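First up is the structure itself, then whatever we jot down about it.
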Amino acid sequence: MTVTVSETRAHSYARRGGLARVRAWCLLWLALLCSAIAACGGPATEPEEQVRDWVRQAQVAAEAKERRALMRLISPAYADARGNSRDGIENLLRLYFLRQQKVALVTRIEDVTVIGGSAAEVSLTAAMAATNDSAIGFSADAYRFTFELEYDGDDWLLIASRWGQLGSDLH
């Protein structure tokens, strides 16, 4: 049996199509990783600074591929419009970290809104490139994210998120 390069690439592209959801979720977390680099103007309030610190913690954990550390930043009550639960997110991160060898991000925080000191919303844009074992050896995407966090008295935890490719609606 002879397999051509184009057949191998077609199989790889089809296989990667099923990874679009995984890639989007991991982009969400990886966007958290670097979003602290891009600062919003003006002095930050104490809760806003805590939210930015939460983002920095996520960045350190994701760069080290520390899935468990990332999961400590997600509320047990997490749910999103795409039907993901906390357990579903953990599985997506597990798969993503196994498949990606190295990840590079460029992020920009659009807005951090703190509501009553116990809720926050972070909007950001992220461009990501990752090396992997695909036919061309890398993937690249750009997404917009909105993260909803809740302060439980001790920690800020992610309770919901929405995302979409740059230029499309958030879901």
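The values are calculated or read from the model by the stated rules, or taken from the named source; none is laboratory data. Here the structure is a predicted model, which is why all the values come from computation and not from measurement. In this analysis, Cβ positions are derived from the backbone assuming ideal geometry, glycine residues included, and neighbour counts consider all displayed protein chains.
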Margin query: Filter the range 36-64 down to the residues that are exposed (fewer than 15 other Cβ atoms within 10 Å of the Cβ) and modelled with pLDDT of 80 or more and list them by number.
Written below: E46, E49, D53
Notebook entry, point to check: From the residues in the range 68-86 that are touching a residue at least 24 places away in the same chain (Cβ under 8 Å) and in contact with a Ser or Thr (Cβ under 8 Å, 6 or more places away or on another chain), which one is surrounded by the most Cβ atoms within 10 Å (Cβ to Cβ)?
Noted result: Y78
Next item on the list: Kindly provide the set of residues from the range 138-154 that are among the aromatic types (F, W, Y) and either buried (at least 17 other Cβ atoms within 10 Å of the Cβ) or closer than 30 Å to E46 by Cα (or both), ordered by number.
Entry: Y143, F145, F147, Y151
Next item on the list: Take the range 145-171 and flag every residue that is in contact (Cβ under 8 Å) with a residue 60 or more places away in the chain and among the aliphatic types (A, V, I, L, M).
Entry: L149, L157, L158, I159, A160
Next item on the list: May I ask you to list the residues in the range 71-101 that are at pLDDT below 95 and either farther than 26 Å from D169 by Cα or of a type in the set (S, T, N, Q) (or both)?
Entry: R94, F97, L98, R99, Q100, Q101
Item checked: Failed item, numbered, when R108 is tested on (1) part of a strand (DSSP E or B); (2) closer than 23 Å to S85 by Cα; (3) of a type outside the set (A, V, I, L, M, F, W, C) -> (2)
Next item on the list: Please work out which residue is surrounded by the most Cβ atoms within 10 Å (Cβ to Cβ), limiting yourself to the range 102-120 and to residues that are among the hydroxyl-bearing types (S, T, Y) and at pLDDT 95 or above.
Entry: S118
Notebook entry, point to check: If you scan the range 70-86, which residues turn out to be assigned to a loop (DSSP other than H, G, I, E, B) and of a type in the set (S, T, Y)?
Noted result: S75, Y78
Check: Of the numbered conditions (1) touching a helix residue (DSSP H, G or I) at 6+ places or on another chain (Cβ under 6 Å); (2) assigned to a helix (DSSP H, G or I); (3) in contact (Cβ under 8 Å) with a residue 60 or more places away in the chain, I89 satisfies every one except a single condition; which is it?
Finding: (1)
Margin query: Of the residues A135, A120, only one is of a type in the set (G, A, S), more than 14 Å from the chain's Cα centre (by Cα) and under 27 Å from E46 (Cα atoms); which?
Written below: A120
Notebook entry, point to check: Among the residues of the range 144-155, which ones are in contact with a strand residue (DSSP E or B) (Cβ under 9 Å, 6 or more places away or on another chain) and over 13 Å from Y78 (Cβ atoms)?
Noted result: R144, F145, T146, Y151
Next item on the list: Kindly provide the set of residues from the range 130-153 that are within 24 Å of I109 (Cα to Cα) and outside any strand (DSSP E or B), ordered by number.
Entry: D152
Item checked: All positions within the range 111-129 that are outside any strand (DSSP E or B) and either touching a residue at least 60 places away in the same chain (Cβ under 8 Å) or in contact with a strand residue (DSSP E or B) (Cβ under 6 Å, 6 or more places away or on another chain) (or both) -> G117, S118
